[in-house]
Amino acid sequence: MCRSIKTLRPPVTPEVSEEDIRSAALQYVRKVSGFRAPAAHNREVFDQAVDAVAAATQELLGGLRVRGAASANRQ
């Protein structure tokens, strides 16, 4: 669906920054909403959605376990 979102899990991407996660969340919300930049009256809900997707992504990455890795702890 979102071809510009890169894979963030190890070992594909060994180091993932907050910016990487936020960028992926923003791309997802843009795609789903159909807006590159929301109108002023939609800005709050748009930003809340980006925050929620970023938090869910962080939780997902933190919970993934990579086979053969000694430790897959993420931030």
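Across segment 20-35, a minimum of one residue is classified as out of contact with any strand residue (DSSP E or B) (no Cβ under 7 Å at 6 or more places or on another chain) and assigned to a loop (DSSP other than H, G, I, E, B).
Of all residues in segment 49-70, those satisfying the criterion of being more than 14 Å from Leu8 (Cβ to Cβ) and not in a helix (DSSP H, G or I) are Arg65, Arg67, Gly68, Ala69, Ala70. Scanning segment 37-52 turns up at least one residue that is open to solvent by 60 Å² or more (accessible area, probe 1.4 Å), modelled with pLDDT under 95 and out of contact with any His (no Cβ under 8 Å at 6 or more places or on another chain).
If I filter segment 66-74 for residues that are small (Gly, Ala, Ser), modelled with pLDDT of 90 or more and surrounded by 10 or more Cβ atoms within 10 Å (Cβ to Cβ), do I get at least one hit? Checked segment 66-74: no residue is small (Gly, Ala, Ser), modelled with pLDDT of 90 or more and surrounded by 10 or more Cβ atoms within 10 Å (Cβ to Cβ). Every condition in (1) in contact with a helix residue (DSSP H, G or I) (Cβ under 7 Å, 6 or more places away or on another chain); (2) over 18 Å from Gly63 (Cα atoms) is met by Arg9 except one, and the failing one is (2).
Can you tell me which residue in segment 21-48 is farthest from Leu8 (Cα to Cα), limited to those that are within 12 Å of the chain's Cα centre (by Cα) and touching a residue at least 24 places away in the same chain (Cβ under 8 Å)? Top of the filtered list is Val29.
The values are calculated or read from the model by the stated rules, or taken from the named source; none is laboratory data. This is a predicted model, so every value here is computed, not measured. Cβ atoms come from the backbone with ideal geometry, glycine included; neighbour counts cover every protein chain shown. Quick note on the areas: whole protein, heavy atoms, side chains included, nothing else; ligands and nucleic acids left out. Shrake-Rupley method; radii C 1.70, N 1.55, O 1.52, S 1.80 Å.
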